[in-house]
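**Q** My structure is below; once you've seen it, I'll send some questions.
The values are calculated or read from the model by the stated rules, or taken from the named source; none is laboratory data. All of these numbers come straight from a predicted model, not from anything done at the bench. Cβ: placed from backbone, ideal geometry, glycine included. Neighbour counts: every protein chain shown. Surface accessibility is based on the protein's heavy atoms, side chains included, excluding ligands, DNA and RNA. Shrake-Rupley method; radii C 1.70, N 1.55, O 1.52, S 1.80 Å.
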Amino acid sequence: MWCGRTRALLRMSGLWPTGVLGRRPLNCSAASLAGSNSPRCWNCGGLGGPLRGDRFFCPQCRALQPPDPTRDYFSLMDCNRSFRVDTAKLQRRYQQLQRLIHPDFFSQRSQTEKDFSEKHSTLVNDAYKTLLAPLSRGLYLVS
């Protein structure tokens with residue numbers, strides 16, 4: 001189901017869960033998450049689904065999860081919340097995220113995942129454009 005390139009990118013970026021590839025992560029069993037208030041995955045219903053930390057994918061079924069509407073651009077792009085931003089780091093993070101969630105990589109997936117991919121991609125594009133330009137970055141900080 002997951003091609004080798006995507007799996008390698010997820011592993012390198014730290015977004016692939018720990019444990020044996022193709023299986024549940026070792027630290028994410030149903031018993032260990034039973035008491036948590038974690039949201040559930042839209043696809044498999046597993047605990048710990050949508051966007052805990054920097055995860056864009058469900059740890060159990062690897063389905064792309066909906067974007068978090070409360071997340072700000074600085075946390076999404078892994079930048080300090082200040083006017084000074086390392087633009088080279090911002091560009092690397094933008095490219096890393098687009099390699100993971102760009103709609104072209106979800107052409108063979110369900111319509112729901114295609115929609116989530118478009119929303120994620122739009123959010124990442126907006127965050128990148130906003131944080132790249134000093135004027136828009138300053139206005140975003142003030143708002």
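**Q** Please enumerate the residues belonging to region 65-81 that are assigned to a loop (DSSP other than H, G, I, E, B), open to solvent by 30 Å² or more (accessible area, probe 1.4 Å) and within 26 Å of Gly46 (Cα to Cα).
**A** Hits for region 65-81 are Pro66, Pro67, Asp68, Pro69, Thr70, Arg71, Asp72.
**Q** Then there's this: Given (1) charged (D, E, K, R); (2) over 25 Å from Pro39 (Cα atoms); (3) modelled with pLDDT under 95, where does Arg93 come up short, assuming only one miss?
**A** (3)
**Q** While we're looking at this one, here's another question. Please specify each residue of region 89-101 satisfying the condition of being open to solvent by 50 Å² or more (accessible area, probe 1.4 Å) and without any contact (Cβ under 8 Å) to a residue 60 or more places away in the chain.
**A** Across region 89-101, the qualifying residues are Lys89, Gln91, Arg92, Tyr94, Gln95.
**Q** Do you know which of the residues in region 92-103 that are touching a helix residue (DSSP H, G or I) at 6+ places or on another chain (Cβ under 8 Å) and part of a helix (DSSP H, G or I) is nearest to Leu141 (Cα to Cα)?
**A** Within region 92-103, the match that is nearest to Leu141 (Cα to Cα) is Tyr94.
**Q** Are any residues in region 103-127 under 21 Å from Ala88 (Cβ atoms) and open to solvent by 40 Å² or more (accessible area, probe 1.4 Å), and if so, which ones?
**A** Scanning region 103-127 gives Asn125, Asp126.
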